[in-house]
Amino acid sequence: MSAVATPDPCPGKRDGGARRRRRAATIALALLLAVGAAPATAAECARPAAVCERAVAGALPLVDDGAPATVLADEADFPGVLRAARDLQADLSAVAGAEAAFSTTAAAAGRSAIIVGTLGRSPRVDRIVRAQGIDTGDVAGRWEAYLVQVVEDPEPGIERALLIAGADRRGTIFGIYELSRRIGVSPWSWWADVPPRRAASLHAAPGRFVDAPGVKYRGIFINDEDPALGGWIRETYGSANHRFYERVFQLILRHKANYLWPAMWVPRAFYDDDPRNAELADEMGVVVATTHHEPMMRAHAEWETYGEGPWDYTRNPARLQEFWRGGIERLQGREALVTLGMRGDGDEAMTEGTAIELLERIVADQRAIIADVTGRPAAETPQVWALYKEVQDYFDQGMRVPEDVTLLFADDNWGNVRRLPEPGAARPGSYGVYYHFDYVGGPRNYKWLNTTQLERAWEQMRLAWAHGVERMWIVNVGDIKPMELPISAFLDQAWNPDAADLAWISNYPEHWAAEQFGRAHAREIGEILTRYTQYNARRKPELLSPDTWSLLHDGEAERVIDDWDALEARTLALGERLPARHRDAWYQLVEYPVLASANLNRLYVAAARNRLYAAQGRASANRWADQTRRLFARDAELQRVYEREVAGGKWIHMMSQPRIGYTHWQQPERNVLPALAEVDVPTRGVTGVAVEGDARPWPQRAASPRLAPLDPVGAPTREVVVYNRGASPLGFNARSSQPWLRVSPARAEVEDAQPLELAVDWAELPEGEHEAVVAILGSDRTEVYVQVPVRKPPAHRGARGFVEGDGVVAIEAAHHARAVPPPGGEWQVIPNLGRTLSGVTVWPATGAALAPGGDGARLEYPLVMDAAGEVEVRVVLSPTLDFRNRGGLRYAVSVDDEPPQLVNVRLDPTPGDRDFRAWEHAVIDSVHVAISRHHVAPGANTLKLWAVDPGLVFQRIEVVADPRPRGTLGPVESRRR
């Protein structure tokens, strides 16, 4: 997605100066990904090797009046290069609507051609480089580098050609697939049925384009693949054989990635299930390894077939060594990254507590096997040690492995990186990160839909890159589908992390949408993608329940459903305007995720209404039970369309992952309708009353309902509902005890429910505390008296800022009045990161801790408080972990001139740790709420949020004067005066 414009003076090592020098060029070229999706601007078309419909001076025709250029390669080149070249031929043919020619001979190809080959392997390319005097100094010998350049008279019979020359086989392959993306063929052309762009004319701009990756190994882990992917594989291929993996390898390579942890559950064994699997991976150029708990290139499932005795190194070392030796022998010299170490049977902890000495012995014995089998020092075979779950504890407590081994850090399975190296901590084996878009485990599985906010994954991986994690980025993608969007973003960021800045992630959804659907509606599609992932990240679908969105506080359930309703309407309307050829891709990538997610949220809110209304005795409870059943059936219908109608039924089983009815961490065997309540409805009408913020039904013996106070800012009105417990209509009258409190309507006939709005004539009411009573008399002689407290605070004229209302001041962190940056840094607003608006963080995040106070780095928020007193300041943060292992991440809070109060954010995903419960709540809610207490004055105050430890991301601040139950998302943002 981005480019490198100058040579790396030290391949394989990071050079900050060179990276900074390339930065301007890489960012400028980052938009080229979308150029092939629709007509580009003149400036874009003039960039080196850009592909556009309009020709600029010196451009080379790739498609000329519907006729595509010939693709030329050398028979002597790598098999993977020849495969990719034939894919380019097919891609050109699809774009032009006419068959492109492919040749490996020296025959003339007409006036123009596309010539592809690997330096030192392709005689044709080497000859052109020599004859033309092409400088390959910034490509040759550089890991996976390639150049794209228009050349004149490359060989007899060809006037001009677009040359793609790679430093190695994957460099050439990546150059080929980069051209495919530029002419308008998405990496998801097969996996999501994205149609290639059609063009009668395409031209490659003159100039030289050089590209190479930032992260050395970039890839995916296929995991948790039953019943969805597993069912689809069995239906489509019979088994996870080489025909299936050929599609996976092509998807990886089209994203300019190179690495795979293959499917492992069910059980599956990549090397054993089909010997052609490994052969094809090597042929196509994909590095295949084994997962974090499968050492020495052996799938864990193979132990059941070939192993003897327990999976326990203390009791069975000889058999395990023999088993592992077979994995290294089976490589037969193929490229690999060997996983070291050992976890317990079934991806569990090996022992209780730490077993450092044992694991160090295991690693040493494994390296001895590698050296013995290969006949070379173990350091010459790339190896990785995965610091996953309890293995991270071993590392923290001092366990070390040889310096040539890559340390693979991990997230907490929920997208929050657990540990990173100290910035500048050089290590020959360097570092990697294992990240998750999908997970099986506590607090709940999440496997059905994409629930990853691109902004959060980008922010965490940006931290990793800044801290020197450059050797490996691998992400658990579950069933591959429907993680298309985050897979692309993750792998594109890994290709050039330096170019993936704040502007890059802000524009990525639109650019990705343009690549799949063209530019005409890309901005709106990008906004839909951003919004549905933000809404799903508030609470992952598997974690939803009837208790998630509050029916009682802050209008939360209504707000959430309104959000989904609006997004669904927008999605359906836009889908109607798209060409029919995009229909299959649209349903998979946009429509199904939006509609199915909206439907699921509606289902749980309907079930919540059923339960609440049944408890209140409302006759409408039964109607909400019926509505829940209808929504449950609609979920199945949306799945049926995806699996049976889209692309002619190509994706059978792919959406079969159960998602409704979780009761603990593991999935139900099938979708389960939430428990529903039924009420016996009398034939006569019976009056019932419900008041805002209270689940209890009224009337009740010897008690009266009492509302939370009304105030002119945060709660100028409150709601009381008169509802019917019976089948026959009933009437009511409502009157207020005070002239300044209006009730509307004052009388009505009720079949189901009638909301009453209680509003105050604030102009007639003096400042202070007041009380009124609303009497409700039903036609069945039911009487309910609602106590209505009213608070009119002082006006605090002249005070400016966020005004207290309903006992709280809620502020989005991005809405600060002043931002004082740290020395040499800045405050950055990350759009859309978080549950409500955005995230704010200090960048760069590699420096030392800052001292709060004085003129230190801070955000300032003006407040207007009703009265003096103690308040609770709740800071809502992304659930960032202590990635530097320093005892927590700190920030500070002060109000006006009080000394800053340090707050330590401690979240630990280790079961049994004192901070484990805080971590559980944080990943369930997608935020951590940290609390401090402060004193405020009446009127104007200034809250200061001080930066201390880098890495924290602030989402919002709530200053609570009147602690009361609130919804999951908290109150809406306060009014700003």
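Here I776 does not qualify as surrounded by 20 or more Cβ atoms within 10 Å (Cβ to Cβ) and either under 38 Å from the mean Cα position of the chain (by Cα) or over 30 Å from L730 (Cβ atoms) (or both). In region 849-867, the residues that are more than 16 Å from W827 (Cα to Cα) and not assigned by TED's automatic domain parsing to the domain that holds D949 form no Cβ pair under 6 Å with any partner that is at pLDDT below 95 and surrounded by fewer than 22 Cβ atoms within 10 Å (Cβ to Cβ), whether six or more places apart or across chains. In region 766-788, is there at least one residue being of a type in the set (A, V, I, L, M, F, W, C), assigned to a loop (DSSP other than H, G, I, E, B) and modelled with pLDDT of 95 or more? So far as region 766-788 goes, no, none of its residues is of a type in the set (A, V, I, L, M, F, W, C), assigned to a loop (DSSP other than H, G, I, E, B) and modelled with pLDDT of 95 or more. Condition test on E283, is it closer than 20 Å to G341 by Cβ, touching a residue at least 12 places away in the same chain (Cβ under 8 Å) and either in a helix (DSSP H, G or I) or in contact with a His (Cβ under 7 Å, 6 or more places away or on another chain) (or both)? For E283, the condition - closer than 20 Å to G341 by Cβ, touching a residue at least 12 places away in the same chain (Cβ under 8 Å) and either in a helix (DSSP H, G or I) or in contact with a His (Cβ under 7 Å, 6 or more places away or on another chain) (or both) - is not met.
Among the residues making up region 352-405, those that are touching a Gly at 6+ places or on another chain (Cβ under 9 Å), in a helix (DSSP H, G or I), of a type outside the set (V, I, T) and modelled with pLDDT of 95 or more are Q366, A379.
Do we find that R797 is modelled with pLDDT of 95 or more and either under 30 Å from T846 (Cα atoms) or of a type in the set (K, R) (or both) in this structure? For R797, the condition - modelled with pLDDT of 95 or more and either under 30 Å from T846 (Cα atoms) or of a type in the set (K, R) (or both) - is not met.
Whenever a residue of region 300-313 is free of Cβ contacts under 8 Å to residues at least 60 places away in the same chain, its partners that are of a type in the set (K, R), lying with C-beta atoms within less than 6 angstrom and at least six residues away or across chains, give the pairs E308/R319; G309/R319. Among the residues making up region 843-858, a single one is surrounded by fewer than 24 Cβ atoms within 10 Å (Cβ to Cβ) and part of a strand (DSSP E or B): W843.
Across region 45-92, the number of residues qualifying as of a type in the set (D, E, K, R), surrounded by fewer than 18 Cβ atoms within 10 Å (Cβ to Cβ) and part of a helix (DSSP H, G or I) comes to 1. When A426 is tested against the conditions (1) in a strand (DSSP E or B); (2) over 17 Å from the mean Cα position of the chain (by Cα), the lone failure is (1). Figure legend. Inter-residue proximity from region 913-941: first residues in the same structural domain as V808 (by TED's automatic domain parsing), second residues basic (K, R) and outside any loop (DSSP other than H, G, I, E, B), beta-carbon distance below 7 Å, spacing 6+ or different chains. Indicated pairs: S926/R538; V929/R874; I931/R874. Close Cβ contacts (under 6 Å, 6 or more residues apart or on different chains) running from residues in region 626-649 that are in a helix (DSSP H, G or I) to residues that are of a type in the set (F, W, Y) and modelled with pLDDT of 95 or more comprise Y642/Y592; E643/W651; V646/Y587. In region 168-187, the condition of being assigned to a strand (DSSP E or B) and crowded, with 21+ Cβ neighbours inside 10 Å is met by no residue. Take the residues in region 724-765 that are in a strand (DSSP E or B) and of a type in the set (D, E); name whichever of them is nearest to P794 (Cα to Cα). Selected residue: E757.
Just one of the listed residues (R462, R419) is of a type in the set (K, R), surrounded by fewer than 23 Cβ atoms within 10 Å (Cβ to Cβ) and part of a helix (DSSP H, G or I), namely R462. For region 470-529, a residue qualifies if it is more than 24 Å from F174 (Cβ to Cβ) and in a strand (DSSP E or B), and exactly one does: G478.
The values are calculated or read from the model by the stated rules, or taken from the named source; none is laboratory data. Remember, it's a predicted structure, so these values are computed and weren't measured experimentally. Quick reminder, even Gly has a Cβ in these numbers, built from the backbone with ideal geometry, and neighbours come from all protein chains shown.
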